[in-house]
1. Across the stretch 184-198, what is the number of residues that are under 19 Å from A284 (Cα atoms) and in contact with a strand residue (DSSP E or B) (Cβ under 7 Å, 6 or more places away or on another chain)?
2. Among the residues of the stretch 48-72, which ones are over 15 Å from I95 (Cβ atoms), in contact (Cβ under 8 Å) with a residue 12 or more places away in the chain and not aliphatic (A, V, I, L, M)?
3. Scan the stretch 122-141 for residues that are of a type in the set (K, R) and assigned to a helix (DSSP H, G or I) and report the count.
4. Scan K156, K99, K144 and give me the residue that is part of a loop (DSSP other than H, G, I, E, B) and open to solvent by 40 Å² or more (accessible area, probe 1.4 Å).
5. Could you check, for the stretch 103-117, whether at least one of its residues is surrounded by fewer than 16 Cβ atoms within 10 Å (Cβ to Cβ), aliphatic (A, V, I, L, M) and either modelled with pLDDT under 95 or assigned to a helix (DSSP H, G or I) (or both)?
6. For the stretch 199-216, what are the residues that are modelled with pLDDT under 95 and either open to solvent by less than 50 Å² (accessible area, probe 1.4 Å) or touching a strand residue (DSSP E or B) at 6+ places or on another chain (Cβ under 9 Å) (or both)?
7. What do you reckon, is I95 within 22 Å of Q130 (Cβ to Cβ) and touching a strand residue (DSSP E or B) at 6+ places or on another chain (Cβ under 8 Å)?
8. Can you name the residue in the stretch 229-260 that is more than 20 Å from P279 (Cα to Cα) and not in a strand (DSSP E or B) and is also most open to solvent (accessible area, probe 1.4 Å) among such residues?
Amino acid sequence: MQKILLVLVTLIFVVACKESNPKERLLVDSSGIVNEVSVVLDNESWKGRIGEAIRDVLAAPVYGLPQDEPLFTINQIPSNVFSGFITKNRTILKIEPGKDNDTQFLNNVYAQPQRVIVVRGKTQDAIIDQIQEHGDRIVESFKKMEIYEKQRLIKKSLYNTAFLKEKIGVDINFPTAYRVAKDEDHFFWIRKDVNTGTLNLMIYELPYNRIIRNDNMINQIVAIRDSVGKAYIEGPTEGTYMITEYAYTPFQTETILDDTPALETKGMWEVKKAFMAGPYINYAIEDKRNNRWVVVEGFAYAPSVEKRDYMFELEAIIKSIKIK
(Lines give C-alpha, C1' and ligand atoms only; values in the text may rest on other atoms or scores of the structure.)
Protein backbone atom coordinates (compact mmCIF):
# COMPACT_ATOMS: atom_id res chain seq x y z
CA MET A 1 0.00 0.00 0.00
CA GLN A 2 2.81 2.38 0.87
CA LYS A 3 4.52 1.64 -2.47
CA ILE A 4 1.29 2.46 -4.33
CA LEU A 5 0.94 5.76 -2.46
CA LEU A 6 4.57 6.62 -3.22
CA VAL A 7 4.03 5.96 -6.93
CA LEU A 8 0.88 8.11 -6.97
CA VAL A 9 2.64 11.02 -5.22
CA THR A 10 5.55 10.79 -7.65
CA LEU A 11 3.19 10.81 -10.65
CA ILE A 12 1.32 13.86 -9.31
CA PHE A 13 4.63 15.69 -8.78
CA VAL A 14 5.82 14.92 -12.32
CA VAL A 15 2.52 16.04 -13.88
CA ALA A 16 2.56 19.26 -11.83
CA CYS A 17 6.09 20.05 -12.97
CA LYS A 18 5.12 19.51 -16.62
CA GLU A 19 2.07 21.77 -16.30
CA SER A 20 3.97 24.58 -14.62
CA ASN A 21 5.52 27.30 -16.74
CA PRO A 22 9.11 26.18 -17.47
CA LYS A 23 10.13 29.75 -18.24
CA GLU A 24 9.23 30.84 -14.70
CA ARG A 25 11.19 27.99 -13.18
CA LEU A 26 14.30 28.69 -15.25
CA LEU A 27 14.50 32.46 -14.71
CA VAL A 28 17.77 33.53 -13.12
CA ASP A 29 18.27 36.45 -10.77
CA SER A 30 18.43 39.84 -12.44
CA SER A 31 21.48 42.06 -12.08
CA GLY A 32 22.56 45.65 -12.51
CA ILE A 33 23.60 48.76 -10.65
CA VAL A 34 20.78 50.62 -8.89
CA ASN A 35 19.38 53.44 -11.04
CA GLU A 36 21.02 52.19 -14.23
CA VAL A 37 18.73 51.45 -17.21
CA SER A 38 19.71 49.45 -20.27
CA VAL A 39 18.38 50.94 -23.49
CA VAL A 40 18.30 48.51 -26.43
CA LEU A 41 18.59 50.59 -29.58
CA ASP A 42 20.88 50.70 -32.61
CA ASN A 43 23.75 53.21 -32.52
CA GLU A 44 22.45 55.45 -35.29
CA SER A 45 19.03 55.89 -33.67
CA TRP A 46 20.66 56.47 -30.28
CA LYS A 47 22.62 59.40 -31.72
CA GLY A 48 19.52 60.79 -33.42
CA ARG A 49 16.06 62.01 -32.46
CA ILE A 50 14.90 58.79 -30.80
CA GLY A 51 17.93 58.75 -28.52
CA GLU A 52 17.33 62.40 -27.68
CA ALA A 53 13.71 61.67 -26.75
CA ILE A 54 14.83 58.81 -24.50
CA ARG A 55 17.43 60.98 -22.78
CA ASP A 56 14.84 63.71 -22.23
CA VAL A 57 12.79 61.20 -20.23
CA LEU A 58 15.32 58.94 -18.48
CA ALA A 59 18.12 61.46 -18.01
CA ALA A 60 15.97 64.40 -16.92
CA PRO A 61 17.49 66.15 -13.88
CA VAL A 62 16.38 65.00 -10.43
CA TYR A 63 14.49 67.79 -8.69
CA GLY A 64 15.82 68.91 -5.34
CA LEU A 65 19.57 68.42 -5.88
CA PRO A 66 22.11 71.27 -5.80
CA GLN A 67 23.47 70.31 -9.23
CA ASP A 68 21.94 68.57 -12.24
CA GLU A 69 22.04 64.78 -11.97
CA PRO A 70 20.03 62.41 -14.21
CA LEU A 71 17.12 60.32 -12.99
CA PHE A 72 18.88 57.23 -14.34
CA THR A 73 22.28 56.32 -15.68
CA ILE A 74 21.72 55.02 -19.23
CA ASN A 75 23.61 52.09 -20.71
CA GLN A 76 22.86 51.94 -24.47
CA ILE A 77 23.09 48.49 -26.06
CA PRO A 78 22.84 47.90 -29.84
CA SER A 79 20.03 45.52 -30.72
CA ASN A 80 22.37 43.06 -32.45
CA VAL A 81 24.39 42.41 -29.28
CA PHE A 82 21.44 42.20 -26.88
CA SER A 83 21.81 38.60 -25.77
CA GLY A 84 23.25 36.44 -23.02
CA PHE A 85 24.00 38.00 -19.64
CA ILE A 86 23.06 41.49 -20.91
CA THR A 87 19.41 40.44 -21.03
CA LYS A 88 19.49 39.80 -17.28
CA ASN A 89 19.70 43.51 -16.41
CA ARG A 90 16.98 44.51 -14.00
CA THR A 91 15.56 47.48 -15.97
CA ILE A 92 15.43 47.45 -19.77
CA LEU A 93 13.91 49.84 -22.31
CA LYS A 94 13.73 48.08 -25.68
CA ILE A 95 12.95 49.98 -28.89
CA GLU A 96 11.49 47.93 -31.73
CA PRO A 97 11.08 50.01 -34.94
CA GLY A 98 8.97 49.00 -37.92
CA LYS A 99 6.12 47.55 -35.84
CA ASP A 100 2.62 48.76 -34.92
CA ASN A 101 2.65 51.68 -32.49
CA ASP A 102 2.57 50.26 -28.98
CA THR A 103 4.22 50.44 -25.55
CA GLN A 104 4.26 47.36 -23.31
CA PHE A 105 5.21 47.14 -19.64
CA LEU A 106 6.46 43.61 -18.95
CA ASN A 107 7.74 41.79 -15.89
CA ASN A 108 10.39 39.07 -15.59
CA VAL A 109 10.97 38.51 -19.30
CA TYR A 110 14.60 37.32 -19.13
CA ALA A 111 15.26 37.28 -15.35
CA GLN A 112 13.59 38.12 -12.05
CA PRO A 113 12.80 40.59 -10.67
CA GLN A 114 12.89 42.56 -13.91
CA ARG A 115 11.00 45.33 -15.65
CA VAL A 116 11.16 45.39 -19.45
CA ILE A 117 9.43 48.21 -21.33
CA VAL A 118 9.06 47.68 -25.09
CA VAL A 119 8.32 50.68 -27.31
CA ARG A 120 7.26 50.00 -30.91
CA GLY A 121 6.51 52.29 -33.83
CA LYS A 122 6.47 52.19 -37.60
CA THR A 123 8.34 55.50 -37.92
CA GLN A 124 10.75 57.59 -35.88
CA ASP A 125 7.99 60.09 -35.11
CA ALA A 126 5.68 57.29 -33.94
CA ILE A 127 8.33 55.92 -31.58
CA ILE A 128 9.08 59.39 -30.21
CA ASP A 129 5.34 59.98 -29.67
CA GLN A 130 5.13 56.72 -27.69
CA ILE A 131 8.13 57.69 -25.54
CA GLN A 132 6.73 61.14 -24.81
CA GLU A 133 3.18 59.89 -24.19
CA HIS A 134 4.28 57.23 -21.71
CA GLY A 135 7.33 59.05 -20.32
CA ASP A 136 6.00 59.62 -16.80
CA ARG A 137 4.81 56.03 -16.52
CA ILE A 138 8.15 54.72 -17.81
CA VAL A 139 10.05 56.68 -15.17
CA GLU A 140 7.67 55.66 -12.39
CA SER A 141 7.81 52.00 -13.43
CA PHE A 142 11.61 51.87 -13.42
CA LYS A 143 11.78 53.83 -10.16
CA LYS A 144 9.45 51.40 -8.39
CA MET A 145 11.66 48.52 -9.47
CA GLU A 146 14.78 50.30 -8.20
CA ILE A 147 13.15 51.19 -4.88
CA TYR A 148 12.27 47.50 -4.50
CA GLU A 149 15.85 46.48 -5.25
CA LYS A 150 17.32 49.03 -2.83
CA GLN A 151 14.97 47.90 -0.09
CA ARG A 152 15.94 44.28 -0.77
CA LEU A 153 19.61 45.15 -0.31
CA ILE A 154 18.86 47.10 2.87
CA LYS A 155 17.07 44.09 4.39
CA LYS A 156 20.29 42.09 4.32
CA SER A 157 21.51 43.87 7.47
CA LEU A 158 18.71 45.58 9.37
CA TYR A 159 19.00 47.80 12.43
CA ASN A 160 16.76 46.74 15.32
CA THR A 161 14.00 49.36 15.30
CA ALA A 162 11.96 47.95 18.19
CA PHE A 163 12.45 51.26 20.02
CA LEU A 164 10.50 53.10 17.29
CA LYS A 165 7.61 50.64 17.47
CA GLU A 166 7.50 50.95 21.23
CA LYS A 167 7.76 54.74 21.46
CA ILE A 168 5.76 56.06 18.49
CA GLY A 169 4.23 53.00 16.81
CA VAL A 170 6.34 53.24 13.67
CA ASP A 171 8.40 50.59 11.91
CA ILE A 172 10.98 51.44 9.27
CA ASN A 173 13.84 49.49 7.67
CA PHE A 174 17.31 50.99 7.71
CA PRO A 175 20.66 49.16 7.72
CA THR A 176 23.05 48.68 10.63
CA ALA A 177 25.45 51.19 9.05
CA TYR A 178 23.19 53.88 10.55
CA ARG A 179 23.27 54.94 14.20
CA VAL A 180 20.79 56.73 16.45
CA ALA A 181 22.26 60.18 17.10
CA LYS A 182 19.33 61.58 19.07
CA ASP A 183 16.34 60.06 20.83
CA GLU A 184 14.33 62.54 22.87
CA ASP A 185 10.76 63.83 23.17
CA HIS A 186 9.58 61.35 20.52
CA PHE A 187 12.09 62.85 18.08
CA PHE A 188 14.68 60.61 16.45
CA TRP A 189 17.77 61.62 14.47
CA ILE A 190 19.41 58.68 12.70
CA ARG A 191 22.71 59.06 10.82
CA LYS A 192 25.22 57.25 8.61
CA ASP A 193 28.73 58.40 7.82
CA VAL A 194 29.73 58.53 4.15
CA ASN A 195 33.05 59.43 2.57
CA THR A 196 32.47 63.17 2.50
CA GLY A 197 29.71 63.69 5.05
CA THR A 198 26.56 62.06 6.43
CA LEU A 199 23.16 60.70 5.48
CA ASN A 200 20.44 61.60 7.95
CA LEU A 201 16.91 60.61 8.88
CA MET A 202 14.52 62.49 11.16
CA ILE A 203 11.37 60.80 12.50
CA TYR A 204 8.83 62.55 14.71
CA GLU A 205 5.10 63.00 15.24
CA LEU A 206 2.87 66.08 15.30
CA PRO A 207 -0.66 66.73 16.56
CA TYR A 208 -3.19 66.36 13.76
CA ASN A 209 -4.16 70.05 13.87
CA ARG A 210 -0.55 71.13 13.30
CA ILE A 211 -0.93 70.79 9.51
CA ILE A 212 -4.08 72.20 7.95
CA ARG A 213 -4.98 71.12 4.44
CA ASN A 214 -5.15 74.35 2.43
CA ASP A 215 -3.23 76.26 -0.24
CA ASN A 216 -0.54 77.11 2.32
CA MET A 217 0.60 73.56 3.17
CA ILE A 218 4.09 73.93 1.73
CA ASN A 219 4.75 76.95 3.95
CA GLN A 220 3.43 75.01 6.93
CA ILE A 221 5.88 72.17 6.24
CA VAL A 222 8.78 74.62 5.87
CA ALA A 223 7.88 76.36 9.13
CA ILE A 224 7.65 73.03 10.96
CA ARG A 225 11.00 71.73 9.67
CA ASP A 226 12.66 75.06 10.56
CA SER A 227 11.37 74.86 14.13
CA VAL A 228 12.44 71.22 14.38
CA GLY A 229 15.87 72.04 12.97
CA LYS A 230 16.35 74.82 15.51
CA ALA A 231 15.31 72.58 18.38
CA TYR A 232 17.16 69.38 17.45
CA ILE A 233 19.64 69.68 14.54
CA GLU A 234 22.51 71.78 15.78
CA GLY A 235 25.26 73.04 13.49
CA PRO A 236 29.04 72.87 13.92
CA THR A 237 29.25 75.85 16.31
CA GLU A 238 27.11 77.29 19.09
CA GLY A 239 24.04 79.11 17.83
CA THR A 240 23.98 77.38 14.43
CA TYR A 241 21.21 75.03 13.35
CA MET A 242 19.50 73.61 10.27
CA ILE A 243 16.91 75.66 8.37
CA THR A 244 15.27 75.55 4.95
CA GLU A 245 17.15 77.34 2.17
CA TYR A 246 14.65 79.92 0.94
CA ALA A 247 16.54 80.71 -2.27
CA TYR A 248 15.50 77.26 -3.57
CA THR A 249 11.74 76.85 -4.02
CA PRO A 250 10.53 73.60 -2.42
CA PHE A 251 8.42 71.24 -4.50
CA GLN A 252 5.39 69.51 -2.98
CA THR A 253 3.09 66.74 -4.16
CA GLU A 254 0.63 64.26 -2.68
CA THR A 255 1.50 60.58 -2.47
CA ILE A 256 0.68 57.39 -0.56
CA LEU A 257 2.90 55.71 2.03
CA ASP A 258 1.80 52.51 3.77
CA ASP A 259 -1.68 52.95 2.22
CA THR A 260 -1.91 56.35 3.94
CA PRO A 261 -2.08 59.84 2.36
CA ALA A 262 1.17 61.79 2.65
CA LEU A 263 2.66 65.11 1.58
CA GLU A 264 6.03 64.82 -0.19
CA THR A 265 8.25 67.92 -0.10
CA LYS A 266 11.65 68.26 -1.74
CA GLY A 267 14.04 71.15 -1.32
CA MET A 268 17.37 72.37 0.00
CA TRP A 269 18.49 72.88 3.59
CA GLU A 270 21.30 74.98 5.02
CA VAL A 271 22.81 75.69 8.42
CA LYS A 272 22.09 79.16 9.75
CA LYS A 273 25.34 81.17 10.06
CA ALA A 274 27.46 78.32 8.68
CA PHE A 275 28.56 77.14 5.23
CA MET A 276 26.71 73.83 5.18
CA ALA A 277 23.87 72.83 2.86
CA GLY A 278 22.31 69.95 0.95
CA PRO A 279 19.09 68.37 -0.34
CA TYR A 280 16.19 67.00 1.71
CA ILE A 281 13.04 64.95 1.07
CA ASN A 282 10.26 65.25 3.62
CA TYR A 283 7.12 63.12 4.04
CA ALA A 284 4.28 64.20 6.31
CA ILE A 285 2.02 61.15 6.71
CA GLU A 286 -1.61 61.85 7.61
CA ASP A 287 -2.26 59.27 10.33
CA LYS A 288 -5.95 59.97 11.01
CA ARG A 289 -6.37 56.71 12.87
CA ASN A 290 -4.03 57.94 15.60
CA ASN A 291 -5.03 61.62 15.28
CA ARG A 292 -1.55 62.77 14.27
CA TRP A 293 0.95 63.40 11.48
CA VAL A 294 4.06 61.25 11.30
CA VAL A 295 6.93 63.14 9.69
CA VAL A 296 9.92 61.34 8.18
CA GLU A 297 12.68 63.30 6.48
CA GLY A 298 15.91 62.33 4.81
CA PHE A 299 18.69 64.85 4.21
CA ALA A 300 22.23 64.52 2.98
CA TYR A 301 25.41 66.44 3.68
CA ALA A 302 27.99 65.41 1.11
CA PRO A 303 29.83 68.41 -0.36
CA SER A 304 31.62 68.14 -3.69
CA VAL A 305 30.10 64.78 -4.69
CA GLU A 306 26.97 63.66 -6.53
CA LYS A 307 23.99 63.07 -4.26
CA ARG A 308 21.37 61.31 -6.38
CA ASP A 309 22.08 57.85 -5.04
CA TYR A 310 22.39 59.10 -1.46
CA MET A 311 18.95 60.70 -1.62
CA PHE A 312 17.57 57.62 -3.36
CA GLU A 313 18.76 55.45 -0.46
CA LEU A 314 17.01 57.74 2.03
CA GLU A 315 13.83 57.68 -0.06
CA ALA A 316 13.90 53.87 -0.22
CA ILE A 317 14.27 53.70 3.58
CA ILE A 318 11.42 56.14 4.15
CA LYS A 319 9.12 54.24 1.79
CA SER A 320 9.53 51.10 3.90
CA ILE A 321 7.65 52.78 6.78
CA LYS A 322 4.78 51.02 8.51
CA ILE A 323 2.38 52.87 10.82
CA LYS A 324 1.19 50.64 13.65
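The values are calculated or read from the model by the stated rules, or taken from the named source; none is laboratory data. From a predicted model like this one, the values you see are computed outputs, not experimental measurements. Note that each Cβ is placed from the backbone with ideal geometry, even for glycine, and that neighbours are counted across all protein chains shown. Each accessible area value is taken on the protein alone, full model and side chains, heavy atoms only, with ligands, DNA and RNA left out. Shrake-Rupley method; radii C 1.70, N 1.55, O 1.52, S 1.80 Å.
1. First pass over the stretch 184-198, keeping only residues under 19 Å from A284 (Cα atoms): 185-190.
When the remaining residues are screened for being in contact with a strand residue (DSSP E or B) (Cβ under 7 Å, 6 or more places away or on another chain), the result is 186-190.
Count: 5.
2. Scanning the stretch 48-72 gives Y63, G64, P66, Q67, E69, P70, F72.
3. So the first thing to find is which residues in the stretch 122-141 are of a type in the set (K, R), and the list is 122, 137.
Subsequent filtering for residues that are assigned to a helix (DSSP H, G or I) retains 137.
Qualifying residue count for the region: 1.
4. Numbers: K156 fails: part of a loop (DSSP other than H, G, I, E, B); K144 fails: part of a loop (DSSP other than H, G, I, E, B).
Within the list K156, K99, K144, the selection yields K99.
5. no
6. R213
7. Numbers: within 22 Å of Q130 (Cβ to Cβ): yes; touching a strand residue (DSSP E or B) at 6+ places or on another chain (Cβ under 8 Å): yes.
Yes, satisfied.
8. Narrowing the stretch 229-260 to residues more than 20 Å from P279 (Cα to Cα): 237-239, 256-260.
Checking the rest, the ones that are also not in a strand (DSSP E or B) come to 237-239, 258-259.
On the way: T237: 84, E238: 183, G239: 49, D258: 48, D259: 145 Å².
Residue satisfying both the conditions and the ranking: E238.
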